[in-house]
Amino acid sequence: MNASTQQTQLEGRIALVTGASSGIGRASALELARRGAKVVVAARRSEELERLVSEIAAAGGDAKAFVADVANEADIKAIVDFTVASYGRLDIAFNNAGTEGVFAPLLEQNAERFDQVFEPNVRGVFNSMRYEAEVMLRQGSGSIVNNASMGGLIGFENASVYIASKHAVVGMTKTASIEWFRRGVRVNALCPGLIETPFHHRGIWPSVEVQQAFAAGTPAGRWGSAEEMATIVAFLASDDASYVSGHALVADGGYSIA
């Protein structure tokens, strides 16, 4: 790893990243490792995780993979137990895994689609925070970052279920931060906008033309990158953000205010 001050500010920290097989999760795992953290990467796709672990190792870092589905509570507990068994503690958790579900008018949604989104996006984050915080509170320290999306703060047509799930993540983030800050554990949310990831090129973005139109409509005039989001995750996880908790940090190129 590069020994610069910026890239070693997480030296000795143990991090867990869910949804790490691609996009923001993958970029965040790489960034945390670059800054000195040892990282457990979790997702459903084993091949992608193994490639990520190899990439981190090739750069001089330390990472382990764990195949799991955050829609399954037993899997979440197993991820956290594996992290502690492997490295002895848990300092950083980025709860990134989730789904966009089916985008359609609210009256075309149903209970099955609702559950398909809320299981990973809400129950998954809820259970992740519970098991992660149990470890961190015993230590008296830790930082949890939840991926909430700008959809946790604003609305989109035909996205009622997804938007509701991300609003729930922001609400849980704020509540947990109140309960745990004095006990040494900070909880924040990242709220990305239009980001160049496989996730954001599905669902609501039906064509390249629509994608380009949305990008042109942001004050930034472009989509963001997963790497840009990763630096925010690393900031929120670090001591540089020691007085930051309960915050929903919007990184959307100005979209939500335009």
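The values are calculated or read from the model by the stated rules, or taken from the named source; none is laboratory data. Keep in mind that what you see is a predicted model, and the values were worked out from it rather than measured. Here the Cβ is made from the backbone with ideal geometry for all residues, glycine too, and neighbour counts use every protein chain on show.
Listing for the model above:
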quantity	calculated
Test: residue 195 is farther than 29 Å from residue 84 by Cβ and either surrounded by fewer than 20 Cβ atoms within 10 Å (Cβ to Cβ) or of a type outside the set (Asp, Glu) (or both)	yes
Residue in region 83-90 that is among the hydroxyl-bearing types (Ser, Thr, Tyr), crowded, with 24+ Cβ neighbours inside 10 Å and touching a strand residue (DSSP E or B) at 6+ places or on another chain (Cβ under 7 Å) present	yes
Residues of region 149-167 classified as on the phi > 0 side of the Ramachandran plot and among the acidic types (Asp, Glu), total	0
Per-region count, region 49-77, residues without any contact (Cβ under 8 Å) to a residue 40 or more places away in the chain, in a helix (DSSP H, G or I) and surrounded by fewer than 17 Cβ atoms within 10 Å (Cβ to Cβ)	7
Residue satisfying all of: in region 236-246; under 21 Å from residue 166 (Cα atoms) and either buried (at least 19 other Cβ atoms within 10 Å of the Cβ) or of a type in the set (Ser, Thr, Tyr) (or both); farthest from the chain's Cα centre (by Cα) among these	245
Qualifying residue in region 85-103 (condition: touching a helix residue (DSSP H, G or I) at 6+ places or on another chain (Cβ under 8 Å), modelled with pLDDT of 95 or more and in a helix (DSSP H, G or I))	no
Any chance residue 189 is under 15 Å from residue 145 (Cβ atoms), part of a helix (DSSP H, G or I) and touching a helix residue (DSSP H, G or I) at 6+ places or on another chain (Cβ under 8 Å)	no
Of all residues in region 115-152 being outside any helix (DSSP H, G or I) and over 16 Å from the mean Cα position of the chain (by Cα), the one that is surrounded by the most Cβ atoms within 10 Å (Cβ to Cβ)	141
Some residue of region 248-258 being loosely packed, with under 15 Cβ neighbours inside 10 Å, modelled with pLDDT of 95 or more and not small (Gly, Ala, Ser)	no
